[in-house]
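**Q** Submitted below is the structure of interest, expressed as C-alpha cells.
The values are calculated or read from the model by the stated rules, or taken from the named source; none is laboratory data. Owing to the predicted nature of the structure, the values given are computational and were not obtained by experimental measurement. Don't worry about glycine lacking a Cβ; one is built from the backbone with ideal geometry, like all the others, and counts go over all protein chains shown.
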Amino acid sequence: MSRLASFRGPSTPSASPVVQVKQPNSPSSPSKIAESPFHRKLRTYLQELRKLTETWDDIVCIDGAKAAKTLIDARTNLDNLLALVPPDQQPQSRVVGPQIRLMEKSISELDYIIQKLHKQFRKINAVIDNMESLLFEAHKTKGWKWVQEEPLWVTWPMYKFATSIPELLRPYHRSLNMHIEIVDLLRCHSVSFDASRDALSKWLAQPWLEEDGWEARWEDLCAVEVHRWDGA
C-alpha cells in the first residue's frame, strides 16, 4: 500500500459509519442511486474477491483435504501391512508397492495444491491493486471530497473500501504459510497418525480465516453496503 501511504487528503475518514444526508421525503431507495463507472468497477472488484476466496476454500476443503486424507490413509494401511510381516521376512513389493505409490501421488497432489493457493493469493493481491488504482483514478476525476466523504451506496465512501480491503491479505498469507507447513509435515513418512490427524483438522479449520477471512469479515458488510451485491 505504498501509494496509498502517500495519498494525502484533508482528513482521515472516521471509523464510524458516515451519516447519510437527509432526504426530503423518504430515505433514498438503492434502486434510485445513480451509479458511475467507479461504482460498477468497485462492485466488480469486490465480487471478484468473493469468488477468489470461494475458490480458495474449494481448493483447501475439497481438493487439498482429499489429497491429505488419501495420504494419511495410505500411510496407515502401509503401517498395518508392515506390522503383519514376520520379523525375519521382508515385505513383498506387490503388497506394499500400491500404498507407496499412492502416498507419492498424494504428496505430489498436495504440492500442486500449494501452487494453486499461491496463484489464488497473487490474484487476490492483483484485485486489491486494481482497487487502489481505481481510487486514484476517481480522485483525479471526482476530487478528494468525493472519494473520501461521499457514500457510494449506503455509508462507506470509496476511500474506506480501498484502504480497508487490503487487510484481507494478511490472513490469507498466514493461511498459505500454514498450509505449506502442513504439507511439509505430512511429507515426512515418520510422522505419527495422531500428528497427521491433527494436521488435517487444522488444514480444514483454516484458523487464520476464521475471524478475518472474506466470509467472516466482508460478506455481510458488502451485502449491506454494496447495492446489487448479489446481482438483483
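**Q** Could you please tell me which pairs satisfy a Cβ distance under 6 Å, a separation of 6+ or placement on different chains, a first residue in the range 31-53 that is β-branched (Val, Ile, Thr) and at pLDDT 95 or above, and a second residue that is surrounded by 13 or more Cβ atoms within 10 Å (Cβ to Cβ) and in a helix (DSSP H, G or I)?
**A** Going by the 6 Å Cβ cut-off, the qualifying pairs are 53/214.
**Q** Scan the range 95-107 and report the pairs whose first residue is in contact (Cβ under 8 Å) with a residue 12 or more places away in the chain and whose second residue is outside any helix (DSSP H, G or I), with Cβ atoms within less than 9 Å and a gap of 6+ or a chain change.
**A** These pairs meet every condition: 95/85; 96/85; 103/189.
**Q** Another question about this same structure. All but one of (1) surrounded by 12 or more Cβ atoms within 10 Å (Cβ to Cβ); (2) assigned to a helix (DSSP H, G or I) hold for residue 220; state the number of the condition that does not hold.
**A** Of the numbered conditions (1) surrounded by 12 or more Cβ atoms within 10 Å (Cβ to Cβ); (2) assigned to a helix (DSSP H, G or I), the odd one out for residue 220 is (1).
**Q** If the requirement is being within 18 Å of residue 50 (Cβ to Cβ) and either out of contact with any strand residue (DSSP E or B) (no Cβ under 7 Å at 6 or more places or on another chain) or touching a residue at least 40 places away in the same chain (Cβ under 8 Å) (or both), which of these qualifies: 194, 184, 220, 198?
**A** Details: 194 fails: within 18 Å of residue 50 (Cβ to Cβ); 184 fails: within 18 Å of residue 50 (Cβ to Cβ); 198 fails: within 18 Å of residue 50 (Cβ to Cβ).
After applying the criteria, what remains is 220.
**Q** Would the range 210-222 turn up any residue that is under 26 Å from residue 71 (Cα atoms) and modelled with pLDDT of 95 or more? So that I can check it myself, show each step before the final result.
**A** Residues of the range 210-222 that are under 26 Å from residue 71 (Cα atoms), as a first pass: 210.
Now drop any that are not modelled with pLDDT of 95 or more, which leaves 210.
Yes: the range 210-222 contains one or more residues that are under 26 Å from residue 71 (Cα atoms) and modelled with pLDDT of 95 or more.
**Q** For residue 82, are the conditions met, namely being farther than 30 Å from residue 153 by Cβ and either surrounded by 15 or more Cβ atoms within 10 Å (Cβ to Cβ) or modelled with pLDDT of 95 or more (or both)?
**A** Numbers: farther than 30 Å from residue 153 by Cβ: yes; either surrounded by 15 or more Cβ atoms within 10 Å (Cβ to Cβ) or modelled with pLDDT of 95 or more (or both): no.
So residue 82 fails the test.
**Q** Okay, moving on. Suppose we filter the range 201-217 for residues that are without any contact (Cβ under 8 Å) to a residue 60 or more places away in the chain, within 29 Å of residue 158 (Cβ to Cβ) and in a loop (DSSP other than H, G, I, E, B); how many remain?
**A** Residues that pass the stated criteria total 1.
**Q** Where residues in the range 117-166 are without any contact (Cβ under 8 Å) to a residue 40 or more places away in the chain and in a loop (DSSP other than H, G, I, E, B), which of them is nearest to residue 219 (Cα to Cα)?
**A** 150
**Q** So is residue 194 surrounded by fewer than 19 Cβ atoms within 10 Å (Cβ to Cβ), over 26 Å from residue 36 (Cβ atoms) and touching a Pro at 6+ places or on another chain (Cβ under 9 Å) or not?
**A** On the way: surrounded by fewer than 19 Cβ atoms within 10 Å (Cβ to Cβ): yes; over 26 Å from residue 36 (Cβ atoms): yes; touching a Pro at 6+ places or on another chain (Cβ under 9 Å): no.
The answer is no for residue 194.
**Q** For residue 144, state whether it is under 30 Å from residue 39 (Cβ atoms), surrounded by 14 or more Cβ atoms within 10 Å (Cβ to Cβ), of a type outside the set (Lys, Arg) and at pLDDT below 95.
**A** Details: under 30 Å from residue 39 (Cβ atoms): yes; surrounded by 14 or more Cβ atoms within 10 Å (Cβ to Cβ): yes; of a type outside the set (Lys, Arg): yes; at pLDDT below 95: yes.
Yes, satisfied.
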